[in-house]
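Notes follow once the structure below has been shown.
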Amino acid sequence: MKKVILDSTQPFIATGQIGEAWAVVVLEEIAKGNLEGYVDILYLQEVLDRYYYIKEGFEGRKIFNSFKNIATDVFLVTPEDFDLSYKLYKNNKEVSPRDLIHAAVAINNNIAEIFSTDGPGFDNIKEVKRVKLPNLLEELNLKNNYIYERKNISRS
Amino acid sequence: MKEKIFLDPNLFEFLSKKGRGFQSVLDIIKDKKNFITDVKGLQEIVYRYTLIGETEKGYENAMKVRNEIEIASVTKKDLDTQGSLLQRYPNAKPRELLHVAVMINNGVKKIVCSPESNYKEIEDITVENIIAESFDI
């Protein structure tokens, strides 16, 4: 089964636009067991922090708990992950530290692909591959429906 | 063995506002040799420097802390403890409660931190002022 690590844009995508709704479908595939989707602990902290700062802490805690339960597993973050993120930084100075630590966790847990709708930070890290939404939907045999829905929306 | 004290890196930012450089704070920490922080704390040091366009310096300073004191991983158990703390302290900053969770799970009861933080409200730990006292702040 395909394995991906999720970046922290995923909880912020369910706002009604069709591409974002299809990213939610990816989460449903993880919940159904059709895809292995991992998160790391700092990813979950970003969810809590962002909702806290927009004064939506209760909502943030609900999403935090949902993602803890939906994810195939939650990776701990170690000092060695930090060391690797610093090494990655030396070759990728344009990439945000946030993306670098997620990439380091992925590498140290032998996950080669990161599902992210928020490019292009991960595209610059040669040690991991960013999986974009259309490609992932294609691999999950959902792309035809996705294209159909997008056309319908663009006509309306 | 000396009792461990958790270092919240927000102390560096607070003291820098008071004109104290990163290294002067680090020197005190090195002397005392009983500090611990967690890997999110390292990430927060980097992030604060990134906000002012100095990511490289952020990594360098974070690595100085990494090399001088014990760094705890952030684990699933910490996440669960943070969840329980969030129930008890729904208005507290999640980042502070994660550090408290790491403290609890590593048997650490004291913290040094910026006076602007809200750790005093958390019953499980006590705030130490030893570094601020060293600078007479």
Efficiency of FRET between residue A:80 and residue B:128 - r from beta-carbon atoms, R0 30 angstrom, step 0.05: 0.55
Of A:87/B:110; B:2/B:40; A:90/B:57; A:126/B:64; B:2/B:110; A:90/B:18, those spanning more than 22 Å from alpha-carbon to alpha-carbon: A:87/B:110; B:2/B:40; A:126/B:64; A:90/B:18
Electrostatic dipole magnitude of chain B [Cβ: Lys, Arg +1; Asp, Glu -1; Cα centre; debye, to 20]: 140 debye
Farthest positive-ward along the stretch B:1-75 dipole, Cα basis, beta-carbon charges - from B:65, B:45, B:5: B:5
Nitroxide proxy distance, nm - points 7 Å out along Cα→Cβ at residue B:60 and residue A:2: 4.3 nm
Residue-count net charge about residue A:63 - beta-carbon cut-off 10 Å; Lys, Arg +1, Asp, Glu -1: +2
Within chain B, helix-based [θ] at 222 nm, where runs of 4 or more DSSP H residues each add -39,500 (n - 2.57), nearest 500: -16500 deg cm²/dmol
Among beta bridges that DSSP assigns inside the protein assembly as shown, antiparallel share in %, nearest 5: 5 percent
GluC sites (Glu not before Pro) within the stretch B:18-83: DSSP coil, no more than 14 neighbouring Cβ in 10 Å: B:54
Prolate/oblate/rounded call for the protein assembly as shown, Cα gyration tensor, a/c under 1.5 rounded: prolate
Sequence-separation-based contact order of chain B, relative, with Cα cut under 8 Å and 6+ spacing, percent: 30 percent
The stretch B:25-60 versus the stretch A:45-72: alpha-carbon centroid distance in Å: 26 Å
FRET efficiency, 1/(1 + (r/R0)^6) with R0 35 Å, evaluated for residue B:30 and residue A:70 via beta carbons: 0.20
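Any read-out appearing in this document is the output of simple, stated calculations on the displayed coordinates, not a laboratory observation. Keep in mind the model is a prediction, meaning the values are calculated, not measured. Note: ideal-geometry Cβ built from the backbone for every residue, glycine included; neighbour counts use all protein chains shown.
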